[in-house]
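Read through the structure below, which is laid out as structure tokens, and then see the notes.
The values are calculated or read from the model by the stated rules, or taken from the named source; none is laboratory data. It should be emphasised that the depicted structure is a prediction, and the values quoted were computed from it without experimental measurement. Methodologically, a virtual Cβ is constructed for each residue, glycine included, from the backbone with ideal geometry; neighbour enumeration extends over all protein chains shown.
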Amino acid sequence: MTGFRYLLLVLGLQYTKAKEQEMTVEIGPGKEECFFETVQKGFTLSIDYQVIDAGSGQYAELDINFRVMDPRGHPIVATFKKQDGTFNQKINEIGDYKICFDNTFSYLSSKTVYFEMINENEDDVDYDDIAGIFPDYPEEGEGGPQEMFEISAADIESKLKKIKGDMEKARHTQDLIRVTDLKDRTVAEHNFERVNFMSCFYLIIIICSGLVQVVMIRSLLDDKSRFNPLWKKVFQD
């Protein structure tokens with residue numbers, strides 16, 4: 001019987017376990033990418049997204065349209081041309097929820113979007129049920145252990161929740177730092193590419209203008225040059 005209760009508790013923990021996903025997707029110009037997530041009633045759906053790359057074009061902007069729709073196709077939230085955003089809502093209807101990133105307004109720039117999705121039940125299993133797994137030991141003096149645990153299951157639950165919450169906050173902060181670093185690095189690389197391109201362009205112009213000046217000066221001084229008669233005609237006129 002104890003094993004059966006333990007199995008039920010494990011299944012309950014697995015059912016209430018949070019489902020976390022993170023993904024980086026590239027959305028081409030004029031396109032839209034959508035994802036579906038099955039959410040149980042009473043669960044909380046959280047989505048954090050950030051545009052980390054928009055290409056190296058001169059008019060590229062770090063923005064994207066974002067919307068979430070319920071199983072009936074009705075929009076729950078919709079934002080337009082935002083660099084980042086957050087969605088967090090407790091779901092009251094079971095079904096497949098549609099998460100879309102829309103880049104149809106852009107004709108040239110593709111967008112790279114990083115997003116993190118958490119599908120969890122905030123009403124965790126009551127850890128006091130763990131106490132029922134273990135058999136009842138007799139009191140002291142009746143042949144049982146001489147010392148009993150002084151920490152209740154409720155205290156263990158609160159400490160575990162606090163540790164879990166702190167770890168999730170630390171992980172989330174690290175993810176944000178990593179994504180922000182990736183975005184800044186991408187912007188720096190694109191700026192580096194633009195600077196190199198313009199530097200090469202101006203260098204070619206300077207070299208060409210220098211060659212033209214050398215040819216013109218030599219044609220003025222060299223009687224055998226093809227352009228020398230032209231210069232003489234110009235100066236005589």
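Can you name the residue in segment 161-200 that is hydrophobic (A, V, I, L, M, F, W, C) and within 22 Å of the chain's Cα centre (by Cα) and is also nearest to E120 (Cα to Cα) among such residues?
For segment 161-200, the residue satisfying everything is M167.
Do any residues in segment 175-199 that are over 22 Å from E20 (Cα atoms) have Cβ atoms under 7 Å from those of residues that are modelled with pLDDT under 75 and of a type outside the set (F, W, Y), where the two are at least six apart or on different chains, and which pairs are they?
Close Cβ pairs (under 7 Å, with a partner that is modelled with pLDDT under 75 and of a type outside the set (F, W, Y)) amount to H190/S56; E193/S56; R194/S56.
Residues I99, I91: which one is under 17 Å from C34 (Cβ atoms) and either surrounded by 15 or more Cβ atoms within 10 Å (Cβ to Cβ) or in contact (Cβ under 8 Å) with a residue 24 or more places away in the chain (or both)?
I99
With the condition kept exactly as written, say whether any residue in segment 60-69 is under 24 Å from E168 (Cα atoms), surrounded by 15 or more Cβ atoms within 10 Å (Cβ to Cβ) and at pLDDT below 90.
no
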